[in-house]
Amino acid sequence: MQAMQQSLKLLKVDYVDLYLMHYPMAYKETDGETEEFLPREKNGKLIFSDIDYVDTWKAMEALVDAGLAKAIGISNFNRKQIQRIVDAARIKPANLQIESHPYFANTRLIEFCREKIDGVSITAYGPLAAPNRPWKKGGEPNLLEDPKLLEIAKLKNKTPAQIALRHLIQRGLAVIPKSVTPSRIKENFQVFDFELTAEEMQTIANFNINWRVYKEPEALEHKYFPFNEEL
């Protein structure tokens, strides 16, 4: 409740439409102002907390009861963790936010979530596979340079990014691309004046190599680390 009240104060609003639990993993609590957001040991290792995400979910349900959040959701949960939430929840998640792009379709998790939670919306973060990520290693693929994506983009008179975003939208996902460039931000909205054919959708679906960009290796030892489980 305190964290929500602090967020509302900073946002200068009385409530939020959607409040997400960003990870099933908890870290040592800080005051959010004078201390680091993610506290670390002197050796740089993150300080974990073993708080159960189900307990966190129950606290989030109380936020809905209090009128501080219209809806609540989860992000970066695996199937087993989603099932635990669904089994324990009085208020079911309204939204699941996960990494999804043509090189990491995440189809099985999406289908599982849609089957288990009626009416859930799913948001794809990293929809362009974060081509400018600081931790990029040599030899890793660049989605926006994929020859087949470039070919479709040329045919549609669109950018490769617009084609990738449109593909996700036609899969029924919301997309949240990140950019600081005004022209690209504008382009990211210009994806509703065309459609991909069934053949083009399948071509892009065939890009999938189950390649996750956001692996969160620093949290690998956390008891609730989500990415060790099968999708």
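What is the sum of charges, Lys and Arg at +1 and Asp and Glu at -1, for the other residues whose Cβ falls under 13 Å from the Cβ of Trp135? Don't skip to the answer; put the middle values down first.
Details: positive: Arg133, Lys136, Lys137, Arg212, Lys215; negative: Glu140, Glu216, Glu218.
Net local charge, Trp135 excluded: +2.
Using a 10 angstrom cutoff on alpha carbons, build the Gaussian network for the chain and name the most mobile of Leu96, Leu18, Leu143.
Leu18
How large is the Kirkwood hydrodynamic radius of the range 85-231, in angstrom, based on all distinct alpha carbon pairs? Each step should come with its number before you reach the end.
On the way: mean 1/r = 0.0603 Å⁻¹.
Every distinct Cα pair counted, the radius reaches 16.6 Å.
Go ahead and run the numbers for FRET between Asn208 and Leu46, Cβ-Cβ distance against an R0 of 25 Å, rounding to 0.05. Mind showing how you got there, number by number?
Values: r = 31 Å, r/R0 = 1.23.
After rounding to 0.05, the efficiency reads 0.25.
Sorted from largest down, give the three principal axis spans of the alpha carbons of the range 1-123, whole angstrom values.
42, 38, 27
Report the charge-dipole magnitude of the chain in Debye, nearest 20, computed about the Cα centre from +1 at each Lys and Arg Cβ and -1 at each Asp and Glu Cβ.
Values: 31 positive and 32 negative charges, 90 e Å.
In total the dipole reaches around 440 debye.
Run the dipole for the range 107-153 about the Cα centre, Lys and Arg Cβ at +1, Asp and Glu Cβ at -1, nothing else charged, and hand back the magnitude in debye, nearest 20.
Numbers: 7 positive and 7 negative charges, 44 e Å.
Here the size comes out at about 220 debye.
For the range 29-151, what is the accessible area per residue in Å² when the probe is 1.4 Å? Could the numbers behind the result be given before it?
Values: 6460 Å² over 123 residues.
Averaged over the residues of the range 29-151, the accessible area is 53 Å².
If I model a spin label at Phe189 and Ala174 as a point 7 Å from the Cα along the Cα→Cβ vector, what separation in nanometres do I get?
Inter-label distance under the simple model: 1.7 nm.
Please identify, among Pro39, Pro177, Pro127, the residue showing maximal mean-square fluctuation in a Gaussian network model of the chain using a 10 angstrom Cα cutoff.
Pro39
Work out which GluC sites (Glu not before Pro) in the chain are exposed loop sites (DSSP not H, G, I, E or B, at most 14 other Cβ within 10 Å) and give the longest gap free of them.
Numbers: sites that count: Glu29, Glu33, Glu35, Glu36, Glu41, Glu195, Glu221, Glu229, Glu230.
Free of exposed loop sites, the longest segment is 42-194.
Expressed as a rounded percentage, what relative contact order does the chain have, with Cα pairs under 8 Å and six or more residues apart?
Values: 310 pairs, mean separation 46.7, N = 231.
Taking the mean separation of contacting Cα pairs over the length of the chain, I get 20 percent.
Keeping the other protein chains in place, figure out the carbon and sulfur percent of the accessible area of the range 1-138, with a 1.4 Å probe.
Details: 3920 of 7720 Å².
Result for the range 1-138: 51 percent of the exposed heavy-atom area is carbon or sulfur.
Would you please name the trypsin sites (Lys or Arg not before Pro) within the range 97-186 that are DSSP coil residues with at most 10 other C-beta atoms within 10 Å of their C-beta? Display every interim value, and only then the final one.
Numbers: sites: Arg108, Arg114, Lys116, Lys136, Lys137, Lys148, Lys154, Lys156, Lys158, Arg166, Arg171, Lys178, Arg184, Lys186; in loops: Lys136, Lys137, Lys158, Arg171, Lys178.
Within the range 97-186, the qualifying trypsin sites (Lys or Arg not before Pro) (loop, at most 10 other Cβ atoms within 10 Å) are Lys137.
In terms of modelled amide H atoms, which long-range or inter-chain residues lie less than 5 Å from the amide H of Phe104?
Ile209, Trp211
Highest first, please rank the peptides 73-79, 44-50 by the mean number of other Cβ atoms sitting within 10 Å of their residues.
Ranked from most to least packed, the peptides come out as 73-79, 44-50.
Among the listed pairs Lys116/Lys156; Lys178/Lys215; Lys42/Lys178, which are separated by more than 25 Å between their Cα atoms?
Values: Lys116/Lys156 36 Å; Lys178/Lys215 18 Å; Lys42/Lys178 32 Å.
From Lys116/Lys156; Lys178/Lys215; Lys42/Lys178, over 25 Å: Lys116/Lys156; Lys42/Lys178.
The values are calculated or read from the model by the stated rules, or taken from the named source; none is laboratory data. Since we're looking at a predicted model, the values are computed, not measured. Methodologically, a virtual Cβ is constructed for each residue, glycine included, from the backbone with ideal geometry; neighbour enumeration extends over all protein chains shown. Ligands, DNA and RNA are excluded from the accessible area calculation, which covers all protein heavy atoms including side chains. Shrake-Rupley method; radii C 1.70, N 1.55, O 1.52, S 1.80 Å.
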